[in-house]
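I have placed the structure first, in the form of structure tokens, so that the comments after it can refer back to it.
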Amino acid sequence: MKSDFLVKLIRFKLICALCVKIKIIIKLNTKMEIIRTENIEKIYDDNGVPVHAVRGVSITIEKGEFMAIAGPSGSGKTTLLNLIGALDNPTKGKVFLEKEDLALKSRNELSQIRLNKIGFVFQAYNLIPVLTALENIEFKMMLLGIPEKDRREKAFTIMEELGIGELADKIPGEMSGGQQQRVAVARSIVNNPPIVLADEPTANLDSATAHTLIDLMEKMCTEKKITFVFSSHDKQVLEHAKRVLILKDGKIEQ
């Protein structure tokens, strides 16, 4: 009887251990969706003529991806990023961020989503000309109501991480294009958003500076688990991206 009990006990423990391993394997292999679009379209009215900028795009982006949307000028890349980033509304279809339907959000809720959950990097940098690099990086945190001491400390920390600490007191007009874009990247990630959308971030940079910037963003993706989505036709960006979607005439080709 005692030996039967021990056999059953050992068998029970082995089954429990196996279940734990299976749960761990499932967890490790389960990807977390951060963005999903369902058949989205964007149609503009050009003096009564409908212009289809995005046509029936359905994609899923997983948390922690470093991916690019490629295509020629006019293919709809920027429009698609704007729809994903809640800067514009689709004419048809749905956009989900962390499984929440953006169409169900109010203007104020969308504003808070952009402020808290999405970082933006623009081709033209879009830094505020009269503010220093430090103040530009602090600006978003100021909108979030973070106390001055805390936001200044966070801004300084991220500048040091990105190797631009010496630019703290410089205004955009005193910086090179590469320096301005690194400040823009710092501004986009300073409050640790789950996703950063970068629209042609290397378009105005020389190849060496572009390479440095891509390496920098890839490092942030790895270390901070931030999802990066680029629109680009820059060969360097596409070579670094772990996944590339091709957009042509508003449609995904692959």
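The values are calculated or read from the model by the stated rules, or taken from the named source; none is laboratory data. As the structure is a computational prediction, the values presented were derived from the model and not from experiment. Cβ sites come from the backbone with ideal geometry, for glycine too, and all protein chains shown count toward neighbours.
For the stretch 37-67, filtering for residues that are in contact (Cβ under 8 Å) with a residue 40 or more places away in the chain and part of a strand (DSSP E or B) leaves 17. Residues in the stretch 163-194 that are in contact (Cβ under 8 Å) with a residue 12 or more places away in the chain and either buried (at least 21 other Cβ atoms within 10 Å of the Cβ) or in a helix (DSSP H, G or I) (or both): 19 in all.
Residue check: residue 205 meets all listed conditions (1) of a type in the set (A, V, I, L, M); (2) modelled with pLDDT of 90 or more; (3) not in a helix (DSSP H, G or I) but one, namely (2).
Taking the options 48, 64, 56, 71, name whichever one is over 19 Å from residue 247 (Cβ atoms) and at pLDDT 90 or above. Of 48, 64, 56, 71, the one residue that is over 19 Å from residue 247 (Cβ atoms) and at pLDDT 90 or above is 64. In this structure, residue 115 does not satisfy being modelled with pLDDT of 95 or more and either within 26 Å of residue 139 (Cβ to Cβ) or touching a strand residue (DSSP E or B) at 6+ places or on another chain (Cβ under 7 Å) (or both).
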